[in-house]
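The values are calculated or read from the model by the stated rules, or taken from the named source; none is laboratory data. Everything quoted here is computed from the prediction, not taken from an experiment. We place every Cβ from the backbone using ideal geometry, glycine too, and count neighbours over all the protein chains shown. Only protein heavy atoms, including side chains, enter the accessible area calculation; ligands, DNA and RNA are left aside. Shrake-Rupley method; radii C 1.70, N 1.55, O 1.52, S 1.80 Å.
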Amino acid sequence: MSMAPAMQQPSPVAPEAEQANKGRVSKSPTRLALERFLHNRAAVASLIILLLIILSAVFAPFITHASPTLQDLANTDSPPSALHPLGTDSNGTDYFARDLWGGRADLLVGFLGTASLLIISLVLGGLAGYYGKWVDAVVMRLVDFMMNFPTLLLIIVLMAILNTSSLWLLILVIALTAWPGMTRFIRGLFLNLREADYVLSAKMVGASTWRIIFKHMVPNIMGPLVVNATLTMANLIALEAALAVIGFGVQPPQPSWGNILNGAQDIFTLQFKPWAWIPPAGLISLTILCINFIGDGLRDAFDPSFER
Amino acid sequence: MTKFRKRNLAAMALAASLTALAAGCGAAGGANNTAAGTADNTKPVDGGTLTIGQWQKFNQQFIPFMDSSLYTANITMEAFDSLFNIDKNLNFVPWLAQSYQWSPDKKTVTITLRSDANWSDGQPITSDDVLFTMDYLASPTYTNDLQGQYESLVDPVKGSDEILAGKAKSFADTGGFHKISDKKFSITFKTADAAALWYSIATLQPIPKHVLQNIPMKDWLTSDYDKMPTVVSGPYKFTKVTTDSVEMQANPNYWAGKPHIQTVIWKTVTPDVAPGLLSSGQLDMYLNGLKARDFQNLKALNNVNAVAEPEFGYEYLGWKLWQKELQDVRVRQAIAYAINRQQMLQGIYKGLGQILNSPIPKGSWAAAPDSELINYNYDPNKANQLLDEAGWKKDANGWRIDPVTHQEAQFVLDYPSNNPDRASEAEAIAQDLQAVGLKVKLDPPMDFNALLKKVLTTNDQQLQQQMNQSHQIYLWIMAWGLSTDPDPRGNGWTYPNANNLQDWNDPTNEQLIKKTYDVAAFDQNVRKQALIEWQKYFNQQWPAMILYSRPDIVAVNKRVHIPQDDVLTSMQQFGPYINMFQWWVSPQ
Amino acid sequence: MGTYIVRRLLGMIPMLFAITVFTFLMMHAAPGNAIDAMINPSIRDIEQLKEHLREINGLNDPLWLQYVHWLEHFVVGNWGFSFNFHEPVIDLIGPALANTLLLAVVAEVLTLLFGIPIGLYQARHPYSKFDYTASTISFVLYSVPYYILALLLIYVFAINLQIFPAQGATGTGPLAGTFIDHLYHALLPALSIAIANMAVYTRYTRGAMLEVIRKDFTRTAYAKGLSEGRVFTKHVFRNAMIPLVTQFGFDIGSFAGGAIILEGLFQYQGMGYLTITSVNNRDYTVIMATTVLFAVCVLLGNLIADILYAVVDPRIRYN
Amino acid sequence: MAEPLLAIQNLKTYFISRDSTVRAVDGIDLEVYPRQVVCIVGESGCGKSMTSLSIMRLVPKPKGKIVDGQIVFQGRDLLKLSEKAMTDVRGNEISMIFQEPMTALNPVLTIGDQITEVLVRHRNMNKRQALAKAIEMLKRVGVPRAEQIVHEYPHQLSGGLRQRVMIAMAMVCEPKLLIADEPTTALDVTIQAQVLELMRQLREDFNTAIILITHDLGVVAEMADHVVVMYAGQVVESVNADELFAEPLHPYTQGLMASIPTLDEEKEVLYSIPGTVPDAAAFPEGCRFASRCPLAQPSCFEKMPELREVKPGHFVRCDVV
């Protein structure tokens, strides 16, 4: 149906792009979304808090001089003091330093995990949604298969088999097991876009598959993709912490919020040393809450018609 | 860890431990208190319930020796008496066996069973039951089909090899066992060995032939009797078994008298929450796994007595003695001086536990007095001096040069996973060694089986190759739980020996050990002296870095009354040394 | 309907097959052979024993044959032998599964009992003070990970108030092992899951209800003179349930994941706890069995969701 | 004439939100006599549907609100009834059918269920009696296989059948007044005619007055006794049908008439009224049609004209004609 106009308009992309560049008068959708986002007070506040958390993790060495890993057996299990504002753990390591540095592991898992997962999902979901037919069938079978596997169990078993304490491997394992949801989501978006006029016209002018996917299709699913990626990030951070809580996430002595909690689960610590477990528990919850608020704000911003 | 204890058990007689300590130190609270619980002169009261928490889940395999879990053994111990028990001075004393007598050649022991000892169904416990039990442990079915771990309990008995090989069916046919009467029999060992009785038959828990002979042995695993033995010889019989608890009731026919406490419940409870259950009275007692850092909090609970005693065992830093670097005794001693064991105990175990300079814990009658041993107190200067003497020069960066490879010395340290204390110890050792210029790389922790396999790697040739290629000096941390009898062979200090993980091959050592069990050593004083001589040699040679005995923390509700002679700590040892039938609980 | 279920059940078979093959290969690739792990190295003739054990365990067969044998045995309930617990795997799974199911049922009942009514109430009074409060609270609860909720619950109810046990699946005393006892122990972990899940359900219910309320047929129902209550219960809720049952089926599957963490945290002797223990001990026969069972849970969850979907939505049923 | 069955006076239905007030219905007067068919005509968004929902008191909550006026039905002001009393009126004395038969029926309930619940509610029948009555009613509105269809679901029926079911549902209690909101818009032409014929038939059989809301003047011509033309929430012309077609007075009505495509006149371009309907949140001061009106005078932009009786029975809201 859209063949004819495509023929008449051999290069429908260029004018569009030009317009976007010139058209500062009318606001671009992204800019509109940004403005809507900035009006969402909860989301903006969350963004600020999240930035503070990220900054405190990145600049941990400037905030505290204590090492997050140094063992000091002369000072184990000490209560908060001027030297150790949140006391020390059973290795004599400073809790405050661990809480700050611990954010790095969790946030890295969140960011890199989401990034790698996005890459996998964009390739698989993109191909499935773009080509359809047997490619789609194969990818979707794979998705079904992975979806039927309890992800958490798979990660635990893999981590146990690999017997490693590498954070990078953990991120890889998480990405390799948690991609199906995102892939299915992206495939759906692509499936809808496949028939769009500008995609068909790009095909007509002989653009390569990758160019079509990344140049024409991806920008158009940016909104939902960003929202979904944000929520995925929250989930991955929660997942790492969950793994660490039962001893399968980031391994000590490298700190992560989850493994700090793991070391503080016994009754006496819960009862008598709130400084040991409330900060990491609070940081995990706050981070996830903030990311979710941001995700919510982004969704409202990208899709104003969506009503909660 | 448990795995090692099991193996150890298998190799040695099982026995008790710290009676002497408990009696001697009375650390918990003076002369009127026993190790824990309350001792007083009021008259025992019958009845009541005792609830005991254990860390790990028991396995539902209650025929003695079917299962190698210590947590199962703790329970079966109350249902099945062994031939010998331990008194408070750590001596073996006859128990189900009323008396024993050695033959002049010291190869044969004649044992008389108590005439009043009966199974709970009224049948007498006889020589046939003992033979039946021995044959069961020696049989190939036991090892292959039941995957039993205790065949070495009958290993020193004459004919055990023939039975395992299938050439004979019973010790009665091989000359290992001779039935004299229903209540009297003799056992002949392969050699005259002063320790053999104690590391084998002494702790045998007879099983009822009249019940089990009708079930093919390979089906025992799934038999009702195994899941819940109904005919028992001990003070308590099984009455209810669920996935995480076992209920036992007093055996009214127990030969030593009906137990005071009517019901004993064993419950799987993790150490994380045990303190809460102890303070609320839902648990009367908790064995193993309580953390040293919780000790003060436990003591502060007003209804609970908590005691911390050094375990009967030790933690050690192992190394391979075939590595050229470690063949120099000065290097081994230097490591000993370099490691601050006092601070490790202080930081990780809150100052509880006990530093050792020999592999026999101080609680044993055979322990060498401190005055006879080199005391490797933390002394980095001395360590540096010894390393200098050994030719380990420091380079510009302060790291020492390995005189064998002429490169910076590189130690690599392995330790078991799933225990934060091991990680702390590994880190502490690494820090201390680095302080004297020895670079240490910590491997990621691995689970115990993987670690053991790595340490054992086929005759060590493979490991040797690996180490040579990477120019690494290999270290590992493990712990041993010991049996009461101090025989050095049990911990693998002889060569060859599957448990000799460090490959210590030293003729002097072999000679010294031999003296601890030869015919002369049947005299306890001779044996003690031989053991002290061996310890002195060990202490000087330092074939492994013995660290310390960790603390064992046991918490008991104050309403539980435990006779002064009884022992509570080191429950990880297998054997009926806790005479629970004498305990009683105050009515609530 | 019957044929629909049968067709869906048959459809599960290839998936199950793929899952078992994958799990089998994964376990096979795992380092540390179970036999090495279990044997006392001081046993005489150790090599002979190993060979014997390899033989009786079929470890000398080609891989595909090992799989076939494993499958044959698995189907008839012979799930192997746990080297760690020294018990047949199926004997371990039985009670663990029962505990997990109890936990799941209690959690789901709590979830539905509170989650749906709160969402319904919000939908009946949208944009009210209650609605805003409930929405905010459920957003926060939805964001706070359930294991942190669990820690808080332990802190409050087990440590400070001491009215619930902090761990375990059964207690001590005369009631030990009874159903009441099990229920009592399941409550706190169930509540931790339920709170987070409730938040999901209130959000879902509210959203679905508000969407249905805007539908034409709701107006029709009012126009017929039905009372508001009747319109809500009969017309609106029946339709709003359609997305909810999908979530419900999803819950059954995802419960497996949540159970692993929570059972670990509460030391609750269910499937998750058994799995963790087994993973820590490299007890591969048990891991195989629990993995397959968890996957079956997910499949069954999907099936149940589909069936319920067909039950509540006749449009599906007749297509 | 006799007493009006329904008399609406000065009805105002607004949508009030934080930022704005949308005056959907802004002072409507309307009378419906027994057995009369009154058509409300107008463009979409002119407030005709909201008028009908106001009569049923089904204005969407929470924003929609009837702020003023009276709706007197058989002597009772419906706006003063309790919600409970109002439910006795709905579906019983006044019932309503909607534009989209596809979505107006509940997809998860059987046809029988949906019809019988009206009878159970208003006639105190038990299920069995109600089902029999429902089947009878379905037959009456020309639904074939009524006995089976009561057990079927809406998605199994065609659009025309569904609208018949809707009508059966609305008529099953024999209401005094039936409000039909664009009942034929979603149907194809042949079915439209059948449905209209059916409605006429029912009026004969049950003596039901009908308010027929439509934007289709053809339907008006076919059905109406009296016509009310609405524009921007107000009545702009109200007169009996014959006179309207003979002599439409309001410029807007005239515009509507002009835009009907007819077969006999061969017009080149279809007429359409220029401009757009003003925003209901910000109506202009004067006549709301002024900006689009070919006859508009400057005064039209300043003062809102009253609805005045230009001829006997012919009311027009325009000062110019």
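Would you mind checking B:Lys324/B:Lys514; D:Lys12/D:Lys127; D:Lys61/D:Lys139 for any pair whose Cα atoms are more than 31 angstrom apart? Mind dumping the intermediate values first?
Values: B:Lys324/B:Lys514 27 Å; D:Lys12/D:Lys127 40 Å; D:Lys61/D:Lys139 36 Å.
Among B:Lys324/B:Lys514; D:Lys12/D:Lys127; D:Lys61/D:Lys139, the Cα-Cα distance tops 31 Å for D:Lys12/D:Lys127; D:Lys61/D:Lys139.
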*Mind ordering A:245-251, A:269-275, B:472-478 by average Cβ neighbours within 10 Å, highest first?*
A:245-251, B:472-478, A:269-275
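Determine the relative contact order of chain B: mean sequence separation of Cα pairs under 8 Å and six or more apart, normalised by residue count, in whole percent.
The normalised contact order for chain B reaches 24 percent.
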*Cβ-defined net charge surrounding A:Ile221, 13 Å radius [Lys, Arg +1; Asp, Glu -1]*: +2
*asked:* Given points 7 Å out from each Cα along the Cα-Cβ axis, report the B:Val45 to B:Lys393 separation in nanometres with one decimal.
replied: 7.8 nm
*If you take the Cα Rg of the range C:153-259 and divide it by 2.2 N^0.38 Å, with N the number of residues, what do you get?*
1.54
*Quote the relative contact order of chain A in percent (integer), defining contacts as alpha-carbon pairs under 8 Å separated by 6+ residues.*
25 percent
_Helix-only estimate, please: 222 nm mean residue ellipticity of chain D, summing -39500 (n - 2.57) across DSSP H runs of length 4 or more and dividing by its residues, to the nearest 500._
-9000 deg cm²/dmol
*Just tell me how shielded A:157-166 is by partners: mean number of partner chain Cβ atoms within 10 Å of each residue's Cβ, no decimals.*
6
*asked:* Not counting ligands, DNA or RNA, and with a 1.4 Å probe, what is B:Asp272's accessible surface area in Å² rounded to the nearest 10?
replied: 40 Å²
*Mind giving me the FRET efficiency for D:Gln70 and D:Lys311? R0 is 22 Å, r the Cβ-Cβ distance, nearest 0.05 is fine.*
0.25
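Once you keep just the Cα pairs under 8 angstrom separated by 6 or more residues, what percentage relative contact order results for the range B:90-238?
Numbers: 221 pairs, mean separation 40.2, N = 149.
Averaging sequence separation for qualifying contacts and normalising by length gives 27 percent for the range B:90-238.
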*Taking amide H positions as placed 1.01 Å from N in the peptide plane, with prolines and chain starts having none, which residues 5 or more places from D:Val236, or on another chain, fall under 5 Å of its amide H?*
D:Val229, D:Met230, D:Tyr231
_In Hz, Karplus ³J(HN,Hα) per residue of the range C:73-82 (6.51, -1.76, 1.60; θ = phi - 60°; x = Gly, Pro)_ = 5, 4, 4, 8, x, 8, 9, x, 10, 7
*Ignore the peptide's own chain and count Cβ atoms of other chains within 10 Å of each Cβ in C:211-222; give me the average, rounded.*
6
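First measure r as the distance between the Cβ atoms of C:Val75 and C:Ile180, then evaluate 1/(1 + (r/R0)^6) with R0 = 41 Å and state the FRET efficiency to the nearest 0.05. Mind dumping the intermediate values first?
Numbers: r = 36 Å, r/R0 = 0.88.
The value I calculate is 0.70.
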*Would you list the P(r) distribution for the range B:313-549, with all Cα-Cα distances sorted into 10 Å bins from 0 and each bin expressed as a whole %?*
7, 32, 37, 19, 4, 0
_Estimated vicinal HN-Hα couplings, Hz - the range B:107-119 in sequence order (Karplus 6.51, -1.76, 1.60; Gly, Pro = x)_ = 9, 10, 10, 9, 10, 10, 7, 4, 6, 8, 7, 10, 5
_Give me the dipole magnitude in Debye, nearest 20, for the range B:80-223 about the Cα centre, with unit charges on the beta carbon: positive for Lys and Arg, negative for Asp and Glu._
320 debye
*Grab the beta carbon distance between A:Ser67 and C:Tyr67, set R0 = 41 Å, and tell me the FRET efficiency rounded to 0.05.*
0.25
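With the alpha-carbon atoms as the only input, what is the per residue convex hull volume for the range C:181-232 in Å³? Don't skip to the end; give the middle numbers.
Values: hull volume 4.6 nm³, N = 52.
With only Cα atoms used, the range C:181-232 gives 88 Å³ per residue.
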*Quick one: which residues, 5+ away or cross-chain, put their amide H under 5 Å from the amide H of B:Asp552? H built at 1.01 Å from N.*
B:Glu309, B:Glu311
*Which net charge results for the neighbourhood of B:Trp198, defined as the other residues with beta-carbon distances under 9 angstrom from its beta-carbon, given Lys and Arg at +1 and Asp and Glu at -1?*
-2
*Roughly what % of DSSP beta bridges within the protein assembly as shown run antiparallel, to the nearest 5?*
70 percent
*asked:* Show me, bin by bin at 20 Å from 0, the whole-percent P(r) of chain B based on Cα pairs.
replied: 20, 52, 25, 2
*So for the range B:80-223, Kirkwood radius off the Cα pairs, Stokes-Einstein at 37 °C and 0.692 mPa s: how many µm² s⁻¹?*
213 µm²/s
_Dipole of the range C:93-312, positive direction: furthest Cα of C:Asn197, C:Val236, C:Leu161, with charges on the beta-carbon_ = C:Val236
*Measure off 7 Å from each Cα along the Cα-to-Cβ vector at D:Asp19 and A:Leu32, then give the distance between these two points in nanometres to one decimal.*
1.3 nm
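Expressed as a fraction of 2.2 N^0.38 Å, the rule-of-thumb size for a compact globular protein of N residues, what is the C-alpha radius of gyration of the range A:244-308? All intermediate terms of the calculation are to be shown ahead of the outcome.
Numbers: Rg = 16.6 Å, N = 65, 2.2 N^0.38 = 10.7 Å.
Compared with the compact-globule rule of thumb, the range A:244-308 sits at 1.54.
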*asked:* With a 1.4 Å probe and all protein chains kept in place, how much accessible area does B:Ile86 have, in Å² rounded to the nearest 10?
replied: 20 Å²
*Got a sec? Which residues in the range C:106-129 would a label at A:Ala42 touch, if it sits 7 Å along Cα→Cβ and we count backbone N under 14 Å?*
C:127-129
*Select from D:Tyr271, B:Phe132, C:Met26 the residue farthest towards the positive end of the dipole of the protein assembly as shown; place +1 on Cβ of Lys and Arg, -1 on Cβ of Asp and Glu, and compute about the Cα centre.*
D:Tyr271
_Net charge of Cβ neighbours under 12 Å - reference D:Gly27; Lys, Arg +1; Asp, Glu -1_ = 0
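In µm²/s, what is D for the range C:93-312 at 25 °C and 0.890 mPa s, where D = kT/(6 pi eta Rh) by Stokes-Einstein and Rh is the Kirkwood radius from Cα pairs? If you can, show how the numbers build up before the last one.
On the way: Rh = 18.8 Å.
Answer from the Stokes-Einstein relation: 130 µm²/s.
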*Work out the length of the dipole vector of the range B:313-549 about its Cα centre, built from +1 on the beta-carbon of each Lys and Arg and -1 on the beta-carbon of each Asp and Glu, and round it to the nearest 20 debye.*
80 debye
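For D:Thr116, B:Thr239, give the ranking by accessible area with the largest first, probe 1.4 Å. Before the final figure, lay out each step's value.
Numbers: D:Thr116 5, B:Thr239 55 Å².
Descending order: B:Thr239, D:Thr116.
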*Dimensionless Rg over Rh [the protein assembly as shown; C-alpha; Kirkwood]*: 1.10
*Determine ³J(HN,Hα), in whole Hz, for all residues of the range A:65-76 in sequence, where each value follows from phi through the Karplus function 6.51 cos²θ - 1.76 cosθ + 1.60 and θ = phi - 60°; x replaces Gly and Pro.*
8, 5, 8, x, 10, 4, 8, 9, 5, 7, 10, 7
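Tell me, what is a quarter of the convex hull surface for the C-alpha atoms of the range A:94-302, in nm² with one decimal?
Numbers: hull surface 52.5 nm².
Average projection, Cα convex hull of the range A:94-302: 13.1 nm².
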*Name the long-range amide H neighbours of D:Asp68: under 5 Å, sequence gap of 5 or more, or other chain; modelled H, no Pro or chain starts.*
D:Lys12
*At what distance in nm do the modelled label points of D:Asn240 and C:Leu300 sit from each other, each positioned 7 Å from its Cα along Cα→Cβ?*
7.5 nm
*asked:* Taking only Cα atoms of chain D, what ratio of Rg to Rh do you get with Rh as the Kirkwood inverse-distance radius?
replied: 0.98
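Given a 1.4 Å probe and heavy atoms of the protein chains only, how would you sort B:Lys57, B:Lys558, largest accessible area at the top? Walk me through the numbers before you get to the answer.
Details: B:Lys57 50, B:Lys558 85 Å².
The residues order as B:Lys558, B:Lys57, largest area first.
Can you give the average number of partner chain beta-carbon atoms within 10 Å of each beta-carbon in peptide D:95-108, as a whole number?
Working: counts 3, 5, 2, 5, 1, 3, 2, 2, 6, 8, 4, 12, 8, 12.
If you average over the peptide's residues, the count of other-chain Cβ atoms is 5.
Students sometimes get this wrong: rank B:Lys439, B:Lys299 by accessible area, probe 1.4 Å, all chains present, largest first. Walk me through the numbers on the way to the answer.
Working: B:Lys439 55, B:Lys299 110 Å².
Output order, biggest surface exposure first: B:Lys299, B:Lys439.
Relative to the Cα centre, what is the charge dipole magnitude of the protein assembly as shown, using +1 at the beta carbon of each Lys and Arg, -1 at the beta carbon of each Asp and Glu, and rounding to the nearest 20 debye? Walk me through the numbers before you get to the answer.
Details: 123 positive and 140 negative charges, 213 e Å.
The dipole magnitude comes to about 1020 debye.
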